[in-house]
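See below for the structure under consideration.
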Amino acid sequence: MASIDAGIGACRPGLAKSLAIRGDRHGDASVKYFLTLCEELNFTRAAERCNVAQPALTRAIKLLEEEFGGLLFHPRAGFVPI
């Protein structure tokens, strides 16, 4: 669990607490996708680890971004800088 906690902090300060207390509108899967993307920093690899298609993972991240009102990641070719 330590690697997940480290990933959250690296992605956006305070986001872990927000994810934990929010109404869980999009379900646990979107949080799992987000945490995996924090660790992998790559949409394709994160989707593979979550056993979903990459467009489904991307869509879930976009829904989280809409809910939080801003970008959670800044995607670039081949990797996802935070």
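Residue-wise test of (1) at pLDDT 95 or above; (2) among the acidic types (Asp, Glu).
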| site | (1), (2) |
| --- | --- |
| GLU40 | no, yes |
| THR44 | no, no |
| VAL52 | yes, no |
| LYS62 | no, no |
| PHE68 | no, no |
| VAL80 | no, no |
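Listed by first and then second residue, the pairs with beta-carbon distance under 7 Å, at least 6 apart or on different chains, first residue in segment 22-34 and surrounded by fewer than 11 Cβ atoms within 10 Å (Cβ to Cβ), second at pLDDT 55 or above, are ARG25/GLU67. Remark: pairs (first residue in segment 52-63, closer than 14 Å to LYS32 by Cα; second residue buried (at least 18 other Cβ atoms within 10 Å of the Cβ) and polar (S, T, N, Q); Cβ separation under 7 Å; 6+ apart in sequence or on different chains) = ALA60/SER30; LEU63/SER30.
Among the residues here, LEU57 does not qualify as crowded, with 18+ Cβ neighbours inside 10 Å, modelled with pLDDT of 90 or more and under 13 Å from LEU72 (Cα atoms).
The values are calculated or read from the model by the stated rules, or taken from the named source; none is laboratory data. Being a predicted model, the structure only gives us computed values, none of them experimental. Every residue, glycine among them, receives a Cβ derived from its backbone with ideal geometry; neighbour counts consider all protein chains shown.
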